[in-house]
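Since the structure comes first, as structure tokens, the remarks are kept for the end.
Each reported figure results from applying straightforward, stated rules to the coordinates on display, with no laboratory input. Just so we're clear, the structure is a prediction, and the values are computed from it rather than from any experiment. Note that each Cβ is placed from the backbone with ideal geometry, even for glycine, and that neighbours are counted across all protein chains shown.
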Amino acid sequence: MNAPSSSASRIVPPQPAQLKTPSTDAFLKDFTLVAEAAKRAQMACLMRDMEGVGLS
């Protein structure tokens, strides 16, 4: 069996499938928003926990 020498008849492997990006990718790109949200949540918890504390 003679193989054709033309480059058009070569078998080309399929392109690799694109991997899906994680759902957190959008947040990691804008890390300042995540840092601000974490700081606000931390302060809200601190205020809630310290609400009943008084000085005597």
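Using label points projected 7 Å from each Cα along Cα→Cβ, tell me how many nm separate GLN15 and GLU36, to one decimal.
3.7 nm
Any idea how far apart ASP49 and THR24 come out in nm if each label point goes 7 Å out from Cα toward Cβ?
2.2 nm
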